[in-house]
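The values are calculated or read from the model by the stated rules, or taken from the named source; none is laboratory data. For clarity, every value in this text was computed on a predicted model and none was experimentally measured. All Cβ positions, glycine included, derive from the backbone under ideal geometry; neighbour counts span all protein chains shown. Accessible surface areas use protein heavy atoms only, side chains included; no ligands, DNA or RNA. Shrake-Rupley method; radii C 1.70, N 1.55, O 1.52, S 1.80 Å.
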Amino acid sequence: MNAVTPSGASTGSTGAADAAPPAARPSATLHVRFRTAEATSADAAPAPVGADRYEQLLQLLAQFTPVIEALPPDAALADVRGALRYFDRDAAGIAELIRLRALAWYGIRCTIGIGANPLLARMAAQGAPPGEIRSVPSDGGSVASFLARRPASALYGVGPATARTLCAYGLDSIERIAAAPPATLQRILGAKTGRAVYERARGIDPTPVTPNAQSRSMGAEHRFAHDELDPVRRSRALLSLADDLGARMRASGQAARTLTLTVRYADRSTTTRTRRLAEPTAHGPALTAAAYALHAALGLQRARVRSLALRAEDLCRAELAARQLTFDPVDDKAHRIEAAVDRARARFGAGAVHPAAKLGGGPGTGAGAGPGPGAGKGSGPWWP
């Protein structure tokens, strides 16, 4: 029996209730990734789903359940336990309805993973081609079989740096991680991370699907033409994303309390990190400094990055955001310049003015090289 079964396929019956994880429950968590209809394989790099279309797709999911956690720019988690009886279908049947409606109404192919918790649903969807539905049965034997054959890097939440550390100790597969004593993992990774990795290797994820308000966040994504190894180009992309987000927030009179960075790698795995900002802000240099810090903390080194997504979350009205007073003339000048740039963009268009590092030039040359990850408030020329 395959631990992962496409929708409609028989999952068999093992009766292994005594082997089920502690949080055993019906497989009713969906991880839905939206892809344009042009995508024909999991390796394809389709055009990104626009923000308006993404909002419409979240509304489509809301027809089945109110428990939806948006994962911008192109995915979402949905807990459909409350919809099973109403629609008189199992989770795979509801996933099939979502898949068909997204394709018929919006021309979007959905890759859907189904599991007993968000971890298993995410991993079921990994590597699935557009339009396919994959399910992990909830019995303990099927979960263990599904996880055992996967590499350590495939475990959700394990980034490249953590995977390298685990492999250095011979823990190169999820099966070996699950068999390792928790104390060993805690010595290698630290108490909190070691315990979390141990539980995830056994398919345990107590994290609920947390509904979030899409209207209280905004995001942007940069997809590289090729898998990117150059940290300078990645820094330049982060600068561009932070600048665009800041301009959009200032134009709408909003400020962000939280910034989230999502890195998608060549093997289609992702790492997401979130940072609470010192104060609500829509100031470009502050957002850029936070983005650089999130990126540097990942320790990517030679990681092949396919795309970067930056999301400003927990938005509030700009007039309600208190700005800390400073006697730094450089900081004051940066705010005045930013206000002038906003006026120029409002008059001549969004493309009228850009930070210098967004302009032409190869990596490491001229303005195109951009500020390094250590750049931030008061560091270097921000505008041309």
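Below are the figures for this structure:
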read-out	value
For region 75-84, 3J(HN,Hα) per residue [Karplus equation, 6.51 cos²θ - 1.76 cosθ + 1.60, θ = phi - 60°, Hz, x = Gly/Pro]	8, 6, 9, 9, 9, 9, 4, x, 9, 4
For region 59-104 and region 215-253, distance of Cα centres in Å	29 Å
Karplus-derived 3J(HN,Hα), 6.51/-1.76/1.60, for each residue of region 298-307, Hz, glycine and proline x	6, x, 5, 6, 9, 5, 8, 9, 8, 7
For LEU71, distant residues with modelled amide H under 5 Å away	ALA76, LEU77
Separation of the ALA148 and ALA104 label points, Cα + 7 Å toward Cβ, nm	4.2 nm
Cα gyration tensor shape for region 110-232, rounded if a/c is under 1.5, else prolate or oblate	oblate
Extension gain, ALA318 back to ALA179 (0.36 nm per residue minus Cα-Cα distance, nm)	45.0 nm
Cα-based Kirkwood hydrodynamic radius, region 148-208, one decimal, Å	11.1 Å
Estimated vicinal HN-Hα couplings, Hz - region 99-105 in sequence order (Karplus 6.51, -1.76, 1.60; Gly, Pro = x)	4, 5, 5, 4, 6, 6, 8
Solvent-accessible area, 1.4 Å probe, carbon plus sulfur percent, for region 46-146	49 percent
Cα-based shape type of region 69-118, given that a ≥ b ≥ c are square roots of the gyration tensor eigenvalues and the cut on a/c is 1.5	oblate
Sites ARG268 and GLN63 - FRET efficiency at Förster radius 30 Å, r taken between beta-carbons, to 0.05	0.60
Most to least accessible of ARG35, ARG276 (protein chains only, probe 1.4 Å)	ARG276, ARG35
Theoretical FRET efficiency, 1/(1+(r/R0)^6), r = Cβ-Cβ of ASP227 and LYS192, R0 25 Å, to 0.05	0.20
Label-reachable residues, region 268-288, where backbone N falls under 16 Å from a point 7 Å from GLU55's Cα toward its Cβ	none
Those trypsin sites (Lys or Arg not before Pro) in region 73-138 that DSSP places in a loop and that have at most 10 other beta carbons within 10 Å	none
Potential extension, ARG275-ARG343 segment - 0.36 nm per residue separation minus Cα distance	21.5 nm
